[in-house]
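Structure first, commentary second.
The values are calculated or read from the model by the stated rules, or taken from the named source; none is laboratory data. Here the structure is a predicted model, which is why all the values come from computation and not from measurement. When we count neighbours, we look across all protein chains shown, and the Cβ atoms used for this are built from the backbone with ideal geometry, even at glycine.
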Amino acid sequence: MSEPGPLSASIIGSFSYLTVRDRLPVILTRVIDQLYRERINIIDKYGEAATEGCKEVIGRLSQLKNEIQTNKPLELLEATDPLSPFDDSHVWNRHFEEYISTYEVPPKWFTAPWMYVECFMYARIHESFYLCPALKDFDPFCELKQKAMLESLSATETLAQHVLSVCSSLPSLTQEQLRQHVINLIEISVWGNKCDLSISSGEERNPETDLLVSLDSLRPYILVNHSSSLWQLLVSLPEDQRDIVLVLDNAGFELVTDLCLMMLLTEAGLTTSLTFHVKTRPWFVSDTTRTDLFWTLDTLREKGGACSEIGNKWKKYIEDGQWKVCESSFWTTPIPYSQMSTVDPNLYSQLSKASLIIFKGDLNYRKLTGDLDWPTTTNFEQALRGFCVAPLLVLRTLKGGPVVGMAESQAEDLAATVRDWNTSGEYGVIQLCTFS
Ligand SMILES: O=P(O)(O)OC[C@H]1O[C@](O)(CO)[C@@H](O)[C@@H]1O
Ligand SMILES: [Mn+2]
């Protein structure tokens, strides 16, 4: 079967079209407004040079917004800092040249692949700050991410109490009870993915106070559910092969749900080595950077109660080397994962050592499947297009982009009653591929 084409904003009324037309400009406007509103505090924190810096960045972002809204050809990234380990302008610009050689026209916001233009906007936002020496480390989404976390502290306390009590009862749990607890936390990690701020263009998306009580009623909303096969995989891993990699998505409550799940797997001995991948630049509004991860740990440790207990435990796992934190600029490029082995062989080789790789969220799912316009019944392994680096699991709520691996007529039956089932975030998947 020939592969479908990439999703793009060229189809008027499509979700990608509405994203580029409506949501991306709103995200840019929020950053511009924040820079203007907070310019005094920013100058206080980053020094006098930030006065000019704020003006420069506001100018660049306003121009970028205009380029998007008037469907201009994409501009090449200025070489930000060739000496920086995270400078990847050559990656974007190579993609740009390939596009021109294929289509003989420059890529435009409403015609180039959605994945490319959406990621490119965030690369341009980062570049706007990076080009100002005083503001090169400024995270325009930090305020939103921290506010979302602070407003999720009561849900976090409830979840922390639960996971601590499960961990303390581990010696007395039967295998079946443990299985149920692990599956519960996997489902909570899926629903934590609703708290993504790019879908809401930065509007708050705080969690319900106690997700635990809703799990039974939410389970029918998991459209592909491989949690049983996942459990079989976890319990069948030999003692010396329990390395798990978690490619994180959003900071805030989603990050808490992810680390709570990882804590249970760690305490239950289902994993002996955990590696988290964070982003190297501010990304899709709420994605987790190293700074976000450690700010979250510190905030929990200072909170008191069960929050402090889990914050201290997590900090100790990292200090003891049981949990490692990695970063790679690959995660903030537009490149589909099927090209990782050629584009970033070191990362590919590192991931190939894992017994299981867990990817969180929509964007990872889109990159795993190339953000192509796949029929929903496409076999998941086929949609991965050869990215079989290790057994992989995706935990995601559907906020846009491809969905594959569904049963015949499942999507059609759903669409007959729920119009926006694949963009509302109300549905999710727990999707495993073991390549066996
Ligand atoms: O944080 P997540 O789950 O990756 O969601 C981000 C994704 O959601 C969207 O906002 C809608 O799909 C995309 O623009 C982006 O790919
Ligand atoms: Mn995200």
Legend entry - Which numbered condition LYS55 fails, given (1) more than 20 Å from TYR122 (Cα to Cα); (2) assigned by TED's automatic domain parsing to the domain that holds PRO106: (1)
Legend entry - Residue match in the stretch 57-68 (condition: closer than 24 Å to GLY401 by Cα and within 16 Å of ligand 2 (Cβ to nearest atom)): no
Inset, instruction - Can you work out which of the residues in the stretch 340-368 that are of a type in the set (Gly, Ala, Ser) and buried (at least 16 other Cβ atoms within 10 Å of the Cβ) is nearest to ligand 1 (Cβ to nearest atom)? - result: GLY361
Inset, instruction - Answer yes or no as to whether LEU234 is touching a residue at least 40 places away in the same chain (Cβ under 8 Å), surrounded by 16 or more Cβ atoms within 10 Å (Cβ to Cβ), under 19 Å from ILE358 (Cα atoms) and touching a Phe, Trp or Tyr at 6+ places or on another chain (Cβ under 6 Å). - result: no
Legend entry - helices (runs of 4 or more DSSP H) (entirely within the stretch 315-381) containing at least 2 residues that are touching a Phe, Trp or Tyr at 6+ places or on another chain (Cβ under 7 Å) and within 26 Å of SER10 (Cα to Cα): 361-368
Legend entry - Output for the stretch 13-49, where each listed residue is hydrophobic (A, V, I, L, M, F, W, C) and in contact with a helix residue (DSSP H, G or I) (Cβ under 9 Å, 6 or more places away or on another chain): PHE15, VAL20, LEU24, ILE27, LEU28, VAL31, ILE32, LEU35, ILE42, ILE43, ALA49
Legend entry - Residue count for the stretch 243-258, restricted to those that are away from ligand 2 (no atom under 16 Å from the Cβ) and buried (at least 19 other Cβ atoms within 10 Å of the Cβ): 2
Inset, instruction - For GLY361, state whether it is small (Gly, Ala, Ser) and within 16 Å of ligand 2 (Cβ to nearest atom). - result: yes
Legend entry - Residues (in contact (Cβ under 8 Å) with a residue 40 or more places away in the chain and either more than 16 Å from ligand 1 (Cβ to nearest atom) or touching a Cys at 6+ places or on another chain (Cβ under 7 Å) (or both)) located in the stretch 281-295: THR291, TRP295
Inset, instruction - Confirm whether PRO133 is farther than 30 Å from ILE188 by Cα and in contact with a strand residue (DSSP E or B) (Cβ under 9 Å, 6 or more places away or on another chain). - result: no
Inset, instruction - Return the residue satisfying two criteria in turn: it lies in the stretch 121-138 and is more than 19 Å from ARG23 (Cα to Cα) and among the charged types (D, E, K, R), and of such residues it is surrounded by the fewest Cβ atoms within 10 Å (Cβ to Cβ). - result: ASP137
Inset, instruction - Among what's in the stretch 399-418 and is crowded, with 23+ Cβ neighbours inside 10 Å and under 17 Å from HIS226 (Cα atoms), pick the residue that is nearest to ligand 2 (Cβ to nearest atom). - result: VAL403
Inset, instruction - Please work out which residue is modelled with the highest pLDDT, limiting yourself to the stretch 204-237 and to residues that are within 16 Å of ligand 1 (Cβ to nearest atom) and within 28 Å of GLN146 (Cβ to Cβ). - result: GLU204
Legend entry - the stretch 370-398, residues that are of a type in the set (A, V, I, L, M, F, W, C), within 16 Å of ligand 2 (Cβ to nearest atom) and under 21 Å from SER341 (Cβ atoms): VAL394
Inset, instruction - Look through the stretch 11-20, keep the residues that are surrounded by fewer than 19 Cβ atoms within 10 Å (Cβ to Cβ) and in contact (Cβ under 8 Å) with a residue 24 or more places away in the chain, and return whichever of them is farthest from ASN71 (Cα to Cα). - result: PHE15
Inset, instruction - Determine whether ILE68 is touching a Gly at 6+ places or on another chain (Cβ under 7 Å) and crowded, with 18+ Cβ neighbours inside 10 Å. - result: no
Inset, instruction - Have a look at SER201, SER172 and point out the one that is within 16 Å of ligand 2 (Cβ to nearest atom) and either out of contact with any Asp or Glu (no Cβ under 9 Å at 6 or more places or on another chain) or modelled with pLDDT under 95 (or both). - result: SER201
Legend entry - Selected residue (criterion: nearest to ligand 2 (Cβ to nearest atom)) from residues of the stretch 278-303 that are in contact with a strand residue (DSSP E or B) (Cβ under 8 Å, 6 or more places away or on another chain) and part of a helix (DSSP H, G or I): ASP292
Inset, instruction - Would you check which residues across the stretch 406-420 are out of contact with any strand residue (DSSP E or B) (no Cβ under 8 Å at 6 or more places or on another chain) and on the phi < 0 side of the Ramachandran plot and list them? - result: ALA407, GLU408, ALA411, GLU412, ASP413, ALA415, ALA416, THR417, VAL418, ARG419, ASP420
Inset, instruction - Please verify whether the stretch 243-261 includes one or more residues that are within 16 Å of ligand 1 (Cβ to nearest atom), aliphatic (A, V, I, L, M) and more than 23 Å from LYS367 (Cβ to Cβ). - result: yes
